[in-house]
Amino acid sequence: MRILWLSGVACNGNTHSFLNYPFMEQFLKDFTFISHPIIDSEYTLEEVVQQTIPCDILLVEGAINAHFTRADVPITQIILNYAPIVQKIVTVGTCATFGGMFHQSYAEPTTGLHFDQKMPTDTFAAFKAKTLSISGCPIHPEVLVNTLYSIKNRMPMTLDHYLRPKAYFAYTVHNGCVRNEYFEYKIDNHQFGNLEGCMFYEHGCQAPFTHGSCNKILWNEVNSKTRAGQPCMGCTEPTFPKTNLYATKKNMGIPQHLPLGVAKRTYLTLAGVSKAFTIDRLEKGLFDD
Amino acid sequence: MIKLIEKIEGEAKLHFRFDNAKISHVDIEFMSTRNISEKILQGKPALDALVINPRVCGICGHAHLLATVQALEECYDTLELSPKAQTLREITLNFELIQNHFKWIYLTIFPLLGEKQHILKATYPSQIMSQAIATVAGQYPHNSYALVGGVVSEVTHMDIIKLHHYLDETIQFFETHLVRGFSEELLVCNDISNLLNKEGDLPSLLKRMIQQGWEEYGKSYDQFIAFGENSYFQRGKSNKTRRTESIPLKYVEEQLTTDGYAKSVTYKGKHYEVGPLARAMINKTPLIKDAHRRYGDSIFSRILARACETAQLLIHTKKLIDTLDLSQPSYIQPHTPIEEITATGESAVEAARGSLIHKVTLKQGIIQHYDIITPTQWNLSGGTPKQLGVSQKAMIGMESAEMAELVFKSFDVCSVCTTH
């Protein structure tokens, strides 16, 4: 299948995350880029933006702004040239999906393809039915590549209301974190630099309410932010980035954002019960006797 | 004549003037900016910069993270940082530099010297180095594992074993592909003929340059500078081979130019090259001294220096890992919360392409002003007609736009960093 990888207002993090896909040799046998930010292709960028070259999938990385150009052609124009002819469009990363990090870069709206943070946008609405969203800052290479193979193999995908494949985005980042026991029993004494502790209570971890498979498929096949001791920053969501990212926003001592789908009353009841007990093993250091 | 240069983490335009079939002048235009300092950092809480700044760039974001945390730490009068945290930061930074260099050799330079891109030779070692970063910092690209006071992660002896294996595998890759059976020797070799007699992608590239008669192309001011001192890189400047160690940051000045969004940078009013060649000249790496003696600050020396630095960092990082005292804390909470800090802090870190400088001004922990000077600004922004920028000068005399592109990319361009 032929892919056009188009960059908008971007940092190229998704491009480099993609290059970490472990089975790149196999991937490059099954897909060809007609243009890519780093990989050489048959066409120059100028040729690709000035003509409409046949291809099957349009990948958009980076946020979209009416004044932003590639090789002197507005990116909106390039997208409108290619959107009608491709089978599928995939937004690669949180910027291309929601606006992301560069949402505030310009006075003019700088948004995702179909969403301005949480709000749907009109400009490309005609192409919403053929779009898939892979959010993330950056994307996880397996999520992007497996989505491309799903397109190639015409496999039906269940999507959420932001067009993200539920196979990856129905999970929360919280699923699979090695610190889960500290969360379960509401042990809120986390210190940075330790193997122990849950970062949800004090240190701003957004994993319980962020969609993603980071702790299921792991990053770079070996780890994740939360396993390493960094709070999840909610990078797959329309609200990324929030502010005060290393601190948990609380109302009357209770975290403002609760785990996905968990009602406040449920949470408070469970918290109350958990806090009535002390579990020695979880109060100690992991390697302590 | 205008040539669009692509695949440089974005694009740039080179506006050439030819006289007698040779380039007599070139203006460099970077066409866009994301206004990160003005629109995204300003007014934010200090620690948010640790999450925002890796997104300046997708290939050298880790250097931005470390420059950010160091600039924030400079805002404190006193702050305790364990040697373990400092060493972990330097180790993960080296992993990022190494993957940058492999990508540049096999994706950028190969096609400019008559080969096709070798994607798998770029991605294989880069993936291993990314795994090494992720082992310590959770993921790569885009982690924010450095925090004011240290790093968030605890590292165990088991992790150390893995890190050594990642480095061993990458060294083996270097010795299989770049220079057959020869990596440690590069650090002490003082005669490029020894290297040229070896098998491997690097000697092949260098010999091709000589065959084509390009080994003296791309010379510039022969002035080098590096600000980001650590256990390997020395801080200082070198005018040809004459080294000076004291280079206060206050003499670094940025100027807006008329072309595009890249501000030019000078030190005491002069343009300096940054990057692996600069670092090797300041460190007085024997092999690069020999290349410089023969060919000056040409593309030959520049390309050799970057490839050589790959081996240097691989070997040095193994030694650095062995200095880690795991009994030290990864993180020491600062005595004063950052919300109470009103101060300015400045930092310099050696990123893949050269010195990266960050300067932050905080008022009660909120960012008032944040200035970033990237290595690509040093090397690739334009100067004035009286004093050309480093790469502008290097491209003068080239006989074609294609040769100019080789010279331009020998500096390893990062368009997103330059304009941030």
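Within 10 Å of each candidate Cβ there may be at most 14 other Cβ atoms; applying that plus a DSSP loop requirement, which trypsin sites (Lys or Arg not before Pro) in segment A:205-262 survive?
Here the sparse-neighbourhood loop sites are A:249.
Of the residues A:33, A:62, A:73, the one whose Cα sits farthest toward the positive end of the charge dipole of segment A:28-106, with +1 on the Cβ of Lys and Arg and -1 on the Cβ of Asp and Glu, is A:62. With the cut-off at 21 Å, tell me which of the pairs B:7/B:198; B:263/B:386; B:84/B:363; B:7/B:116; B:3/B:268 have Cα atoms farther apart than that. Where the Cα-Cα span goes over 21 Å, the pairs concerned are B:7/B:198; B:84/B:363; B:3/B:268. Remark: C-alpha extents of the protein assembly as shown on the principal axes read 83, 59, 48 Å, sorted largest to smallest. Projecting the Cα atoms of B:18, B:304, B:156 onto the charge dipole of chain B, computed from C-beta unit charges around the Cα centre, puts B:18 farthest toward the positive end. When both segment A:182-205 and segment B:1-65 are represented by their alpha-carbon centers, they are found 39 Å apart.
Taking a ≥ b ≥ c as the square roots of the eigenvalues of the alpha-carbon gyration tensor, segment B:216-296 is classed oblate because a/c is 1.5 or more while a/b is no larger than b/c. The label-point distance for residue A:25 and residue B:229, in a model that sets each label 7 Å from Cα toward Cβ, rounds to 4.6 nm.
Beta bridges from DSSP with both residues in chain A: antiparallel share about 40 percent, rounded to the nearest 5. Each DSSP beta bridge with both residues in segment A:1-132 is either parallel or antiparallel, and the antiparallel ones are about 30%. Any chance you could check the Cα centroid distance between segment A:119-165 and segment A:227-289 for me, in angstrom? That distance is 29 Å.
Would you work out which of B:272, B:317, B:336 lies farthest towards the positive end of the dipole of segment B:267-370, given +1 charges on the beta-carbon of Lys and Arg and -1 on that of Asp and Glu, about the Cα centre? Sorting the options by dipole projection puts first B:272. Considering only A:121, A:52, A:15, the mean-square fluctuation computed in a Gaussian network model of chain A, springs between alpha carbons under 10 angstrom, is largest for A:52. Within segment B:154-213, all pairs of alpha-carbon atoms sorted by distance into 10 Å bins from zero give the percentages 21, 38, 22, 13, 5, 1. The alpha carbons of segment A:1-155 stretch over 42, 30, 27 Å along the principal axes, in descending order.
Among B:53, B:194, B:283, which one moves the most in a GNM of chain B with springs linking Cα atoms closer than 10 Å? Top of the fluctuation ranking is B:194. Residues considered: B:106, B:251, B:370. Largest GNM mean-square fluctuation over chain B, using C-alpha springs under 10 Å, is found at B:251. Bridging of residue B:44 to aspartates and glutamates at a Cα separation below 19 Å is possible for B:73, B:74, B:339, B:340, B:346, B:371, once same-chain residues fewer than 8 apart are set aside. Using the Cα coordinates of segment B:39-107, the gyration tensor eigenvalues translate into equivalent-ellipsoid semi-axes of 25, 18, 7 Å, sorted from longest to shortest. Taken about its Cα centre, segment B:1-135 carries a charge dipole of about 560 debye when Lys and Arg each add +1 at the Cβ and Asp and Glu each add -1 at the Cβ.
Excluding same-chain neighbours fewer than eight residues apart, the aspartates and glutamates reachable from residue A:186 by a Cα-Cα span under 15 Å are A:196, A:202, A:280, A:283. Name the shape class, rounded, prolate or oblate, that the alpha-carbon gyration tensor gives for chain B, where a ≥ b ≥ c are the square roots of its eigenvalues, rounded holds for a/c under 1.5, and otherwise prolate holds if a/b is larger than b/c and oblate otherwise. Verdict is oblate for chain B. For the protein assembly as shown, DSSP calls about 75 percent of its internal beta bridges antiparallel. Above 25 Å lies some portion of the pair distances; for segment A:77-197, what is it as a whole percent of all C-alpha pairs? Here the long-distance tail beyond 25 Å is 38 percent of all Cα pairs in segment A:77-197. The Stokes-Einstein estimate for segment B:187-332, based on a Kirkwood radius over Cα pairs and taken at 37 °C with 0.692 mPa s viscosity, is a diffusion coefficient of 192 µm²/s.
Just how many % of Cα pairs in chain A lie over 25 Å apart, if you round to the nearest whole percent? Of all Cα-Cα distances in chain A, 50 percent exceed 25 Å. Our note on the geometry: Cα centres of segment B:226-288 and segment B:337-374, 19 Å apart. Helices in the protein assembly as shown, meaning DSSP H runs of at least 4 residues, each add -39500 (n - 2.57). Divided by all residues, the mean residue ellipticity at 222 nm is -9500 deg cm²/dmol. Straight Cα distances below 18 angstrom link residue B:13 to the aspartates and glutamates A:46, A:47, A:72, B:27, B:29, B:259, B:399, B:402, B:405, B:412, with same-chain residues fewer than 8 positions distant left out. Computed from backbone phi, the HN-Hα couplings of segment B:47-55 come to 5, 4, 4, 5, 9, 6, 5, x, 7 Hz, rounded to whole numbers (Karplus: 6.51 cos²θ - 1.76 cosθ + 1.60, θ = phi - 60°; Gly and Pro given as x).
So, in nm, how far is label residue B:25 from label residue A:126 when the simple model puts each one 7 Å beyond its Cα toward the Cβ? Between residue B:25 and residue A:126, the label points sit 4.6 nm apart. About its Cα centre, chain B has a charge dipole of approximately 1020 debye under the convention of +1 per Lys or Arg Cβ and -1 per Asp or Glu Cβ, with nothing else charged.
The charge dipole of the protein assembly as shown, taken about the Cα centre with unit charges on the Cβ atoms of Lys, Arg (+1) and Asp, Glu (-1), comes to about 660 debye, rounded to the nearest 20.
We did not get these values from a lab; they are worked out from the coordinates using the rules stated. Note that the coordinates shown come from a computational prediction; the quantities given were computed from them, not determined experimentally. Note: ideal-geometry Cβ built from the backbone for every residue, glycine included; neighbour counts use all protein chains shown.
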